[in-house]
1. What three numbers, in Å, describe the spread of the alpha carbons of the chain along their principal axes, ordered from the longest?
2. Taking θ as phi - 60°, what are the ³J(HN,Hα) couplings along region 106-120 by the Karplus curve (6.51, -1.76, 1.60), each to the nearest whole Hz, with x for Gly and Pro?
3. Could you derive backbone 3J(HN,Hα) for region 212-224 from the dihedral phi with the Karplus parameters 6.51, -1.76 and 1.60 (θ = phi - 60°), listing whole Hz in sequence and x where the residue is Gly or Pro?
4. Report the one residue of ILE193, CYS181, PRO218 whose Cα lies farthest in the direction of the positive end of the charge dipole of region 180-219 (charges on C-beta: Lys and Arg +1, Asp and Glu -1; origin at the Cα centre).
5. Along the positive direction of the dipole of region 246-385 (beta-carbon charges: Lys, Arg +1; Asp, Glu -1; about the Cα centre), which of TRP338, MET290, VAL361 reaches farthest?
6. Report the extension gain between ARG127 and ALA25 in nm, rounded to one decimal, defined as 0.36 nm multiplied by the number of residues separating them, less their alpha carbon distance.
7. Compute the normalised compactness of region 196-260: alpha-carbon radius of gyration over 2.2 N^0.38 Å, N being the residue count.
8. What is the dipole size for the chain, taken about its Cα centre, with +1 at each Lys and Arg Cβ and -1 at each Asp and Glu Cβ, in debye to the nearest 20?
Amino acid sequence: MKPREIIPGVLAVGAQDFDRRLFDALIPLPDGTSYNSYLVRGRDKTALIDAVEPATLRVLEASLKDVPRLDYLVSNHTEQDHSGGIPWVLERYPEAQLLCSQPAKPMLVDHLGLEADKIRTVADGERLDLGGRTLRFIYTPWVHWPETMSTYLEEDKILFSCDWFGSHVASTELFVDGVECVMAEAKRYYAEIMMPFRKIVRQNLEKIKDLDIRLIAPSHGPVHKDPSSVIQAYRDWTDDRPHDLVVLPWVTMHGSTALMVEHLTGALVDRGVRVEPFNMASADIGKLAMSLVDAATIIAAGPTVHVGPHPALLNSIILANALRPKARFASIVGSYGWAGKMVDVAKAAMSNLKVEFLDPVICKGMPRPADFAALDKLAEAVAGKHRELGLIK
Ligand code: FEO
C-alpha cells in the first residue's frame, strides 16, 4: 500500500503482513499483523518514527522513495519488528540522526550492530522542534522491553505508542473504525507481552493520564480515533481486581480428566461462577492468555504422565507462570494410574503466581462418586472465594 495520510503532514508508511501466523515462534496471529512506521513532516525537519520488520522492508523503501531527506529517525522500541529496518534507513539517509531512549542505545548496538557514536539519546520529557511541530519523548518502560518510549506530537495530539495500545491485526483500514477484532486483538497483545509488567504498565498509564490525546498511532494494528476506549481497557486489564472467571486449562488421554472437567465446569456454573475451559491438545494459547488477564482462579486439570502432569498441561502452567496474571486462587485436578507427583510438580511450576491454593482433586483411574463429590466441594470453595471478593452474589 502507498503511504496513507493520518492528518496532513503525518503519514503511515509501514507494512501490513496479512500472512504471518506466528510471532516469536510462539504466539498465534489469527489476523496477521502490521509493522507501522510514521513520517512526520515539520516546516523545517522531517522525522520517521520506527522502522519495520526486515522481511517487509521493501514496503518502507517504496513508501519513502519520494522522500529526499530525513532529519531524524526515532526508535521507540528496539525489538526487531520495529528496528530491523533502521540500518537500511540510515544507509539511505546518512544525514538522519537516530534518536532513542538512554536504555535503548546499548540495545540497538547489541541487536543491530549499530555504532554507538551514531546514536543520540533523548531524555524523558525532552522535546524536538521540527518547525511548527514538536515531538516530545516519554519514557514508558516495559511496554514491551525495558527501553521502550513513546513519542507525542504536541500540536496534533498524536501519541505514537509503539507496542502498547497495539494489536496484531493486518488491515487495509488505517483507523480502528470498522475493524471489529481490534479490541480483542489489543487484549491478546497485552496478555501475551505486557501482562507480566502489569504494575509498570499501570504507572505508564498514570504518566500519560493528563496528556491530551486525539489519536493513538501504535506500532501494530490500526490507529485509534477514540483513545479513551483502549486506555480504559488497559486500566481494567492492569487493575488488581480480577473478574468472576475460572480459567481451566485441561488435557485428557483416556477420558478420566474429561469427565472431571465436565463435572467441575457444571458445578461451578451451578454456583454462578463463569468458566473458560481450554483443551490444551488444540487450544489457541493467545486465547488462554486473554482469559488469564481477567481470571480470579486458575484450575489446571490433566492426567499424570510418568511422575508429573501431562506435558501439554504443564506447558499451560508454565505459560501462566511466565505471564504472572492477577489471579488470586489456584487448584489442580486430575487422575493417575499407579503413582506420581503431579500436584507437587504443578505447584512448583506456578511459583510466580501469588495465589492461595485450594485443595486439589486427584483420583486413581476413572472418577467415582467420591471424586465427583470432591469436585463439588472445590466448586463450592471457588464460589465462596469469588463471593468474598464481591465478584458474585
Ligand atoms: Fe512489536 Fe516488542 O515489538
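The values are calculated or read from the model by the stated rules, or taken from the named source; none is laboratory data. Model, not experiment: these values are computed from the prediction. Quick reminder, even Gly has a Cβ in these numbers, built from the backbone with ideal geometry, and neighbours come from all protein chains shown. All accessible areas refer to the heavy atoms of the entire protein, side chains included, with ligands and DNA or RNA removed. Shrake-Rupley method; radii C 1.70, N 1.55, O 1.52, S 1.80 Å.
1. So the three principal-axis extents are 78, 41, 35 Å.
2. For region 106-120, the Karplus curve yields x, 6, 5, 5, 5, 8, 10, x, 6, 7, 4, 6, 9, 10, 10 Hz.
3. Once θ is set to phi - 60°, the couplings for region 212-224 become 7, 10, 9, 9, 10, 10, x, 8, 10, x, x, 7, 7 Hz.
4. Of ILE193, CYS181, PRO218, it is ILE193.
5. The residue sitting most towards the positive pole is MET290.
6. Length difference between fully extended and current span is 33.0 nm.
7. 1.72
8. Dipole of the chain, to the nearest 20 debye: 700 debye.
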